[in-house]
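Novice: Dumping the structure here so I can ask a few things about it.
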């Protein structure tokens, strides 16, 4: 089974009643808790022969609900379309989150979308799920609506790490407060930064360490500033190297940059899509008195990254 994306309720072909296993959520990060939910959808689909459907939203609901306090994203919509198929097979319905959806009562969403359009027979949600206006559609209400409209509700327990449930909020906090390795542990996969290769100021090339500068989404939450071991995908080509995230002190007018020096790679990839995966934090970003001092530090960084690669720590699975 492959993963198919449908954008908009109006483009979803009306399903046969009681024919699907459905989950609903924002799924920012596609972390270990989300993966547990996807696993139950898969298992239930295989047990019953029902078709799996994942419903998610764009933009992030808080863009509409709390516009003055919008979280940075662990997974942009472009990244969801690239990475959800790694964890979920079936139909993915991307629903526009707007004022109308914000004000839709939970029962109206259940009846109009889950029952009438998607044909839910079995609904799988996380333990803290909230659906509809003011998130009033909690698990208790969903179970009552399931009895009313003829579908089962399965509530997936939280995945616990360090005595607390894994959540997108915890991962954002870990990234914000420079606990990168812990954030990756909560995610259960390497953190990805997707974008297009663009021209930078050319300093890396002049110093003998050319970099691919990534034009990333302004909504993307970047890892803490510094140098990382990394791997990257350009099309189907996988390369390893080191990368820098942060303010380039030799170009103080620039915004934070994401740039990767890929080992044993010498090809013009301007304008191409790239996904970079920082895998191990090497050192913090700092200011150097000269480009010569920077070059010496980059040499040390590369040696450390090569040592990590020789240890076999090139990427998480």
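The values are calculated or read from the model by the stated rules, or taken from the named source; none is laboratory data. Being a predicted model, the structure only gives us computed values, none of them experimental. Here Cβ is always computed from backbone atoms with ideal geometry, including for glycine, and neighbour counts include all displayed protein chains.
Novice: List the residue pairs whose Cβ atoms are under 9 Å apart, where the first residue sits in segment 165-177 and is at pLDDT 95 or above, the second is part of a helix (DSSP H, G or I) and exposed (fewer than 15 other Cβ atoms within 10 Å of the Cβ), and the two are 6 or more positions apart or on different chains.
Specialist: As it stands, the answer is 174/181, since those pairs meet every condition given.
Novice: A further question on this structure: Report whether or not residue 150 is closer than 30 Å to residue 116 by Cβ and exposed (fewer than 15 other Cβ atoms within 10 Å of the Cβ).
Specialist: Judged against the criteria, residue 150 is a match.
Novice: Based on this model, can you work out whether residue 179 counts as outside the structural domain of residue 29 (by TED's automatic domain parsing) and surrounded by fewer than 20 Cβ atoms within 10 Å (Cβ to Cβ)?
Specialist: Yes; evaluated as a whole, the condition is true for this residue.
Novice: In segment 178-189, what residues are free of Cβ contacts under 8 Å to residues at least 24 places away in the same chain and part of a loop (DSSP other than H, G, I, E, B)?
Specialist: Passing the criteria: only 179.
Novice: Of all the residues that make up segment 159-172, how many are within 17 Å of the chain's Cα centre (by Cα) and exposed (fewer than 14 other Cβ atoms within 10 Å of the Cβ)?
Specialist: 1
Novice: Could you check segment 193-218 and list, in sequence order, the residues that are assigned to a loop (DSSP other than H, G, I, E, B) and surrounded by 20 or more Cβ atoms within 10 Å (Cβ to Cβ)?
Specialist: 211
Novice: Hey, could you check segment 140-158 for residues that are assigned to a loop (DSSP other than H, G, I, E, B) and in contact with a strand residue (DSSP E or B) (Cβ under 7 Å, 6 or more places away or on another chain) and say which is farthest from residue 38 (Cα to Cα)?
Specialist: 151
Novice: Is it true that some residue in segment 295-305 is closer than 27 Å to residue 86 by Cβ and more than 19 Å from the chain's Cα centre (by Cα)?
Specialist: Residues of segment 295-305 closer than 27 Å to residue 86 by Cβ: 305.
Imposing the further condition that a residue be more than 19 Å from the chain's Cα centre (by Cα) reduces the set to 305.
Looking for residues that are closer than 27 Å to residue 86 by Cβ and more than 19 Å from the chain's Cα centre (by Cα), one finds at least one in segment 295-305, hence yes.
Novice: Okay, next question. How many residues are buried (at least 18 other Cβ atoms within 10 Å of the Cβ) and on the phi > 0 side of the Ramachandran plot if we restrict to segment 242-288?
Specialist: Residues that pass the stated criteria total 1.
Novice: Go over the candidates 40, 32 one by one and state the one that is touching a strand residue (DSSP E or B) at 6+ places or on another chain (Cβ under 8 Å), touching a residue at least 60 places away in the same chain (Cβ under 8 Å) and more than 20 Å from residue 153 (Cβ to Cβ). Before the answer, list the steps.
Specialist: Working: 40 fails: more than 20 Å from residue 153 (Cβ to Cβ).
Selected residue: 32, the only one of 40, 32 that is touching a strand residue (DSSP E or B) at 6+ places or on another chain (Cβ under 8 Å), touching a residue at least 60 places away in the same chain (Cβ under 8 Å) and more than 20 Å from residue 153 (Cβ to Cβ).
Novice: Among 216, 191, which is the only one that is under 28 Å from residue 31 (Cβ atoms) and touching a helix residue (DSSP H, G or I) at 6+ places or on another chain (Cβ under 7 Å)?
Specialist: Numbers: 216 fails: touching a helix residue (DSSP H, G or I) at 6+ places or on another chain (Cβ under 7 Å).
When all the criteria are applied, what remains is 191.
Novice: Right, something else. Quick check on my filter: what residues within segment 2-37 are on the phi > 0 side of the Ramachandran plot and more than 18 Å from the chain's Cα centre (by Cα)?
Specialist: Scanning segment 2-37 gives 8, 18.
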